[in-house]
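Asker: Just passing along the structure, written as structure tokens.
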Amino acid sequence: TAFRAVLQQGRLLDVEERNGSGKEKEGRTHLFENREKYLSNYNGTIQKTVAVFGCGGLGLSCVAIASAFGAANIIAVDISPAALEKANELGATHTVQSPLLQPIPLWNDDNIAENNVYQQIMQFTEGMGVDLAIDAGGFEQTCLDALWTCRRGGTVVQVGLPSKTIAMPMARVAGREITVVGSHGFSSVEDDSGVSALDAILELVKCGKLEPAKLVDREVTLEEGVQALMDMDKGSPLGMVMITDFGPGVGAGAGADEITSRL
């Protein structure tokens, strides 16, 4: 899900070439035009700034993917200091602690400077805003913060699932020519480059550019996993909760140890 949000929908690796007159050439660099460069042998830097709003398991995964592919600046935003600390471990270059979720005023060009998240991100980006803003939280606040901090001509990816309808500032979207796209899950089949997202993720793990074990907050039994799912109504875990014990004779004991060791 994070892979699709950052690379396929967010198009982190797109490079818009320009000819001598300054006009953009037709076409863009394909995600896997050079498989070796972008996967096991890729050690470059993408001169883009990515902001991830909401650093639960999904948001932290977005941070890790952006870092693995060399985003120059990665800004993690969350209400939890512990989540932001984890984001730093996964490659975030800047963190912003957002105030607790609260009713949001009708932000406009006159009062947006009062928004603490907006202020800090504008400071980090020298007033430009971010190239790619990813709402991984799905809250009204994270969605609107993503839109307001996106630069002119930038992209907002909505990957967190909102629980209610959100009134988006479409005048802002139109006036700054912001691209807003949704992202949900990912495809395990090959695209027109001949590489599937799943193959790419496994390749990144194999060559050590992604370390999914860092995303695991704790390992639980199947019964504990059900309770952990219910508890998400009250708050998000720090990273991911992984079910490794499915009961006697089913993925328990040595089987669970083998799964964990592969990570």
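The values are calculated or read from the model by the stated rules, or taken from the named source; none is laboratory data. Treat the numbers as computed from the prediction; the structure is a model and nothing was measured. We place every Cβ from the backbone using ideal geometry, glycine too, and count neighbours over all the protein chains shown. Surface accessibility is based on the protein's heavy atoms, side chains included, excluding ligands, DNA and RNA. Shrake-Rupley method; radii C 1.70, N 1.55, O 1.52, S 1.80 Å.
Asker: Which condition number does ALA200 fail, the rest of (1) closer than 18 Å to GLY70 by Cβ; (2) at pLDDT 80 or above being met?
Answerer: (2) is the only condition that ALA200 fails.
Asker: Also, quick follow-up: Can you pull out the residues in segment 202-243 that are touching an Asp or Glu at 6+ places or on another chain (Cβ under 9 Å), closer than 16 Å to LEU58 by Cβ and not in a loop (DSSP other than H, G, I, E, B)?
Answerer: Of everything in segment 202-243, those that are touching an Asp or Glu at 6+ places or on another chain (Cβ under 9 Å), closer than 16 Å to LEU58 by Cβ and not in a loop (DSSP other than H, G, I, E, B) turn out to be LYS214, MET240, VAL241, MET242.
Per-residue answers, yes or no, for (1) part of a strand (DSSP E or B); (2) of a type in the set (Phe, Trp, Tyr); (3) at pLDDT 90 or above:
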| residue | (1), (2), (3) |
| --- | --- |
| LEU7 | no, no, no |
| TYR42 | no, yes, no |
| GLN47 | yes, no, no |
| CYS55 | no, no, yes |
| LEU60 | no, no, yes |
| ALA72 | yes, no, yes |
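Asker: Looking at segment 50-80 only, could you name the residues that are over 16 Å from ARG151 (Cα atoms), open to solvent by less than 20 Å² (accessible area, probe 1.4 Å) and among the β-branched types (Val, Ile, Thr)?
Answerer: VAL63, ILE65, VAL77
Asker: Then there is this: If you take the residues in segment 173-196 that are open to solvent by 30 Å² or more (accessible area, probe 1.4 Å) and modelled with pLDDT of 90 or more, which one is farthest from ARG4 (Cα to Cα)? Even if it seems obvious, please write down each step before you answer.
Answerer: First, the residues of segment 173-196 that are open to solvent by 30 Å² or more (accessible area, probe 1.4 Å): 174-177, 179-182, 184, 186-194.
From what's left, modelled with pLDDT of 90 or more: 174-177, 179-182.
Values: ALA174: 25, GLY175: 27, ARG176: 24, GLU177: 22, THR179: 16, VAL180: 15, VAL181: 11, GLY182: 10 Å.
By that ranking, first place goes to GLY175.
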